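This report refers to the structure that appears directly beneath it.
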Amino acid sequence: MTKQILVVSASPRGAESASRMIAHKLDARLREDFPDAKYVYRDLAEDNLPHLDSRTLKAIASRDLKEAEENREAGRLSDKLTDELLASDLLVIATPMWNFGIPSLLKAWIDLVVRPGKTFRYVEAGVEGLAKGKKAVLIIASGGVFTGGPWKSWDYADPYLLQILKFIGIENVQTVRVEGLNVPLLAAAAIPNAERAISKLALSGPR
Ligand SMILES: Cc1cc2nc3c(=O)[nH]c(=O)nc-3n(C[C@H](O)[C@H](O)[C@H](O)COP(=O)(O)O)c2cc1C
């Protein structure tokens, strides 16, 4: 059952943002499909999350329990964001592609929620993701085209997000591209194509 949906948006371009536009489209569909779910919106352009500093690192990643305890206060924001993610059944990440990867706004969120002992843990065989049983939808807006053609191998946004989500145990991930926004011949089709992709997403059923 989908009880909580977390929507993480990274573009600072407000109403002009293509990734946000498509996220709103998805939001409308989700609210029809899951009217009883709780919706949590994490707007990274407003939050301006901090980079990990020494005290936060000690709080969230130290193997020395005393040191972690002494710095607990510095880990509160990470605790909050991580708990928000863990409590959600569906994660939506809407982001621009910037310089062929993700904006640092989104990377800051990832650095705060990919946490040993919370969203992954070390096991004998390597690492086990702890954020299991969730679905995710990625909405990635870009000026160019990266699903095929000569720029495909330049895409460090989708492969990275898929990899990091898999690392914490989220393997059911669908990507919607809003691509070609800066390519004159393709720009007009970018939004309608993405809207069509939103209507085709598989959002119910087993994870
Ligand atoms: C700082 C910056 C870097 C960008 N880098 C890329 C890029 O590497 N590849 C690309 O195809 N488009 C790039 N773009 C274009 C954006 O991906 C495009 O404008 C997209 O619509 C942004 O998403 P948004 O509309 O949700 O803000 C860049 C735009 C900005 C502002």
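The values are calculated or read from the model by the stated rules, or taken from the named source; none is laboratory data. The model shown is predicted, which means the values in this text are computed figures rather than measured ones. Glycine gets a Cβ as well: all are built from the backbone with ideal geometry, and neighbour counts include every protein chain shown. Surface accessibility is based on the protein's heavy atoms, side chains included, excluding ligands, DNA and RNA. Shrake-Rupley method; radii C 1.70, N 1.55, O 1.52, S 1.80 Å.
Excluding same-chain neighbours fewer than eight residues apart, the lysines reachable from Lys25 by a Cα-Cα span under 16 Å are Lys200.
Just to make sure I understand: if all protein chains stay in place, what is the order of Lys66, Lys107 by accessible area at 1.4 Å, largest first?
On the way: Lys66 140, Lys107 75 Å².
These residues rank, largest area first, as Lys66, Lys107.
Of all aspartates and glutamates in the structure, those lying under 16 Å Cα to Cα from Lys58, and not within fewer than 8 positions of it along the same chain, are Glu67, Glu69, Glu70, Glu73, Asp79, Asp111. Between Ala141, Ala194, Ala125, the GNM of the chain built on Cα springs shorter than 10 angstrom shows Ala125 fluctuating the most.
Here's the picture: charge each Lys and Arg Cβ at +1 and each Asp and Glu Cβ at -1 in the chain, and of Asn193, Gly117, Val8 the one pushed furthest to the positive end of that dipole is Asn193. When +1 charges are put on Lys and Arg Cβ atoms and -1 charges on Asp and Glu Cβ atoms, the dipole computed for the chain relative to its Cα centre reaches about 340 debye. Legend: residues Met21, Met97, sorted from most to least accessible area (1.4 Å probe; ligands, DNA and RNA excluded), read Met21, Met97.
Kindly provide the chymotrypsin sites (Phe, Trp or Tyr not before Pro) of the range 133-207 that DSSP labels as loop, not H, G, I, E or B, and whose Cβ sees at most 15 other Cβ atoms within 10 Å. Don't jump to the answer; show the numbers that get you there.
Values: sites: Phe146, Trp151, Trp154, Tyr156, Tyr160, Phe167; in loops: Phe146, Trp151, Tyr156.
Listed in order of number, the matching sites are Trp151, Tyr156.
Rounded to the nearest 500 deg cm²/dmol, what is the calculated helix-only ellipticity per residue at 222 nm for the chain, with -39500 (n - 2.57) per DSSP H run of length n ≥ 4? It would help to have the intermediate numbers written out before the result.
Details: 8 runs with 79 residues, N = 207.
Per the formula, -11000 deg cm²/dmol.
The GNM of the chain, with springs linking C-alpha atoms under 10 angstrom apart, assigns the highest mean-square fluctuation among Gly129, Gly101, Gly148 to Gly148. The share of C-alpha pairs in the chain whose separation exceeds 26 Å stands at 36 percent. Taking every protein chain into account, the 1.4 Å probe leaves Asp36 with about 140 Å² of accessible area, to the nearest ten.
For the chain, the per residue solvent-accessible surface stands at 53 Å², with DNA, RNA and ligands left out and a 1.4 Å probe. Simple rule: put +1 on each Lys or Arg Cβ and -1 on each Asp or Glu Cβ in the range 4-200, find the dipole, and look at Ala74, Ile170, Tyr39; the Cα lying farthest toward the positive end is Ile170. All Cα-Cα separations within the range 65-148 were binned at 10 Å from zero, giving a P(r) of 14, 38, 33, 13, 2, 0, each value a whole percent of the pairs.
Once neighbouring chains are kept in place and the probe is 1.4 Å, which whole percent of the accessible area of the chain is contributed by carbon and sulfur? Don't skip to the end; give the middle numbers.
On the way: 5830 of 10960 Å².
The value for the chain is 53 percent carbon and sulfur by accessible area.
Judged by the gyration tensor of its Cα atoms, with axes a ≥ b ≥ c, the range 1-64 is oblate; a/c meets the 1.5 cut and b/c is at least as large as a/b.
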